[in-house]
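Student: If you scroll down you'll find the structure; I have some questions about it.
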Amino acid sequence: MLKSNILDAAVSQAKRRSDTIVEKGHVLLALLSTSSIAVAEFDGWAKVVEEKLGPPGTSIAAPEMTDDAQALIDRCSSKEAAQAVAGELLLDYGFDANDLPATASAVATESDVEVEVEREEPESKSSQDSDSLEKALEDLNALVGLESVKEAVASLADTHRLNEEREARGLPAIPLGLHLVFTGSPGTGKTTVARIVSRVYRQIGLLRRGHLVEVDRSGLVAGYVGQTALQVQSVVKKALGGVLFIDEAYALSPNDGYNDFGSEAVATLVKAMEDNRKDLALIVAGYQGEMARFIESNPGLRSRFQRFIDFPDYSTEDLVEIFIRNAAVQQIEVSDEVQEAIRSFIEVATPEVRLGNGRFVRNLFEDMYERMARRAAADGVFEDHELASFVPEDVPDHVTLASTKHPIGFVRNS
């Protein structure tokens, strides 16, 4: 119940400010305003936190929960735990530890103990870092397909690690940028790989936090003169120490040559990249041709984005494998016969329909699950085998470009 209340309050804080995402500042505001956990020493701090969040956004859409914010909320299993999270966040926002209530400062005490343990075992930290970097690369290699992407990211990691070793041994580091351009169709794993890159950067020591802030044009461009720069600055502030991922970044530079506030956003981003060279990485993503045009639209972008990673469309076998993995997570069996039916369905799908790649498979899975449900409920009795296995009849028969209810465009049998 407590977690649910804090979650609702954090979302309300983001909505009140018209922000596009729910991040740790909104969680802190939620904690400070939740009467069941608030303490007297918290009074008056919310206003300071509000100022540190920067100017409000202009989004009218429901804000999206970030992984960092959700992780903080998940830790609030009790009043004491929630107060400890609030204390930790207050320290992050620059409050003096001596001013924190005893319950809230408990987290600092625990951190001190952890530091002492690490001092007693000097190898502990390096082995943890190695394991974390190894885990990030393992997660990358566990992705379906994308072999060229995996090789590019591994090469990127090795190059930066070489620089770190050169510096450690008194040799000059070769100047390398942190910024990347991801090109490819929707649903090819660009956001997932961006999260892994942020982890790699953090473990190598290139970024102090290694979190990822995801936005698109709507999260950067405002509707009035002067507001766009402030909005971009606010987003950049949230991304400092980590990666700012801009999906469909080419929308900031319209192809029709119309000079809207997107150019102001680009100029502000270029300045932020220069001002925060060692504390911010930008990854911009979109279709290959559109992204080439976007990078060429501004000299500052051309000079800062030197590394492009292309994400190819998934093959039929890749898409089948993605489907099987999704089904395994949901504990649904996919027999060889069903796999063959799925393979045939994918192969006859038109390029326009398959354009969503991973999203195409997700939509297919949801449609098959709906068919599975209707089949299982037909006689009013749910048998065990009907709850945990697809059959070939669950696979749609036809594909059409015209679709209303179902995004991948099925023609259902009556």
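Student: For the range 243-258, name all the residues that are within 29 Å of GLY187 (Cβ to Cβ) and either surrounded by fewer than 22 Cβ atoms within 10 Å (Cβ to Cβ) or outside the structural domain of LYS271 (by TED's automatic domain parsing) (or both).
Tutor: Result: ASP247, GLU248, ALA251, PRO254, ASN255, ASP256, TYR258.
Student: Looking at the range 215-235, which of its residues are farther than 17 Å from MET273 by Cβ and either in contact with a strand residue (DSSP E or B) (Cβ under 7 Å, 6 or more places away or on another chain) or of a type in the set (S, T, N, Q) (or both)?
Tutor: ASP216, SER218, GLN227
Student: Another one. Have a look at LEU230, LEU143, LEU207 and point out the one that is surrounded by 19 or more Cβ atoms within 10 Å (Cβ to Cβ), touching a residue at least 40 places away in the same chain (Cβ under 8 Å) and over 15 Å from the mean Cα position of the chain (by Cα). Give the steps one after another, and end with the answer.
Tutor: Values: LEU230 fails: surrounded by 19 or more Cβ atoms within 10 Å (Cβ to Cβ); LEU143 fails: surrounded by 19 or more Cβ atoms within 10 Å (Cβ to Cβ).
Within the list LEU230, LEU143, LEU207, the selection yields LEU207.
Student: If you check LYS150, LYS238, which single one turns out to be in contact (Cβ under 8 Å) with a residue 60 or more places away in the chain, buried (at least 17 other Cβ atoms within 10 Å of the Cβ), out of contact with any Lys or Arg (no Cβ under 7 Å at 6 or more places or on another chain) and among the charged types (D, E, K, R)? Let's see the steps before the verdict.
Tutor: On the way: LYS150 fails: in contact (Cβ under 8 Å) with a residue 60 or more places away in the chain.
Checking each option against the conditions leaves just LYS238.
Student: Within the range 357-368, can one find any residue that is in contact with a strand residue (DSSP E or B) (Cβ under 7 Å, 6 or more places away or on another chain) and closer than 28 Å to THR192 by Cα?
Tutor: Step one: list which residues in the range 357-368 are in contact with a strand residue (DSSP E or B) (Cβ under 7 Å, 6 or more places away or on another chain), which gives 367.
Checking the rest, the ones that are also closer than 28 Å to THR192 by Cα come to 367.
Checked against the condition, which is being in contact with a strand residue (DSSP E or B) (Cβ under 7 Å, 6 or more places away or on another chain) and closer than 28 Å to THR192 by Cα, the range 357-368 yields at least one hit.
Student: Can you tell me which residues in the range 298-323 are of a type in the set (Ser, Thr, Tyr) and surrounded by fewer than 19 Cβ atoms within 10 Å (Cβ to Cβ)?
Tutor: Restricting attention to the range 298-323, the residues satisfying the condition of being of a type in the set (Ser, Thr, Tyr) are 303, 314-316.
If the condition is that a residue be of a type in the set (Ser, Thr, Tyr) and surrounded by fewer than 19 Cβ atoms within 10 Å (Cβ to Cβ), then SER303, SER315, THR316 are the ones that fit.
Student: Would the range 363-370 turn up any residue that is within 25 Å of VAL149 (Cβ to Cβ), in a helix (DSSP H, G or I) and touching a Pro at 6+ places or on another chain (Cβ under 6 Å)?
Tutor: yes
Student: GLY289 versus (1) in contact (Cβ under 8 Å) with a residue 12 or more places away in the chain; (2) under 16 Å from THR188 (Cβ atoms): which is the lone unmet condition?
Tutor: (1)
Student: Out of the residues in the range 51-94 meeting the condition of being at pLDDT below 75 and not in a loop (DSSP other than H, G, I, E, B), tell me which one is surrounded by the most Cβ atoms within 10 Å (Cβ to Cβ). Talk me through it step by step, then tell me what you get.
Tutor: Initial filter on the range 51-94 (at pLDDT below 75): 51-62, 91-94.
If we keep only those that are not in a loop (DSSP other than H, G, I, E, B) too, we end up with 51-52, 91-92.
On the way: GLU51: 10, LYS52: 13, LEU91: 17, ASP92: 13.
Here the answer is LEU91.
Student: Take the residues of the range 217-227 that are under 19 Å from the mean Cα position of the chain (by Cα) and surrounded by 20 or more Cβ atoms within 10 Å (Cβ to Cβ): which is farthest from ILE21 (Cα to Cα)?
Tutor: Of the residues in the range 217-227, the ones under 19 Å from the mean Cα position of the chain (by Cα) are 217-220.
From what's left, surrounded by 20 or more Cβ atoms within 10 Å (Cβ to Cβ): 219-220.
Details: GLY219: 9, LEU220: 12 Å.
Filtering the range 217-227 for residues that are under 19 Å from the mean Cα position of the chain (by Cα) and surrounded by 20 or more Cβ atoms within 10 Å (Cβ to Cβ), the one farthest from ILE21 (Cα to Cα) comes out as LEU220.
Student: In this structure, is ASP216 over 26 Å from ASN326 (Cα atoms) and out of contact with any Phe, Trp or Tyr (no Cβ under 7 Å at 6 or more places or on another chain)?
Tutor: Values: over 26 Å from ASN326 (Cα atoms): yes; out of contact with any Phe, Trp or Tyr (no Cβ under 7 Å at 6 or more places or on another chain): yes.
Yes: the conditions hold for ASP216.
Student: Which ranges mark the strands (runs of 3 or more DSSP E) fully within the range 216-324 that have 3 or more residues being out of contact with any Ser or Thr (no Cβ under 6 Å at 6 or more places or on another chain) and of a type in the set (A, V, I, L, M)?
Tutor: Working: elements: 242-247, 280-286, 307-311.
Passing ranges, in order: 280-286.
The values are calculated or read from the model by the stated rules, or taken from the named source; none is laboratory data. These numbers were taken from a predicted model, which means no experiment stands behind them. Because the Cβ atoms are built from the backbone with ideal geometry, glycine has one as well, and the counts that use them run over all protein chains shown.
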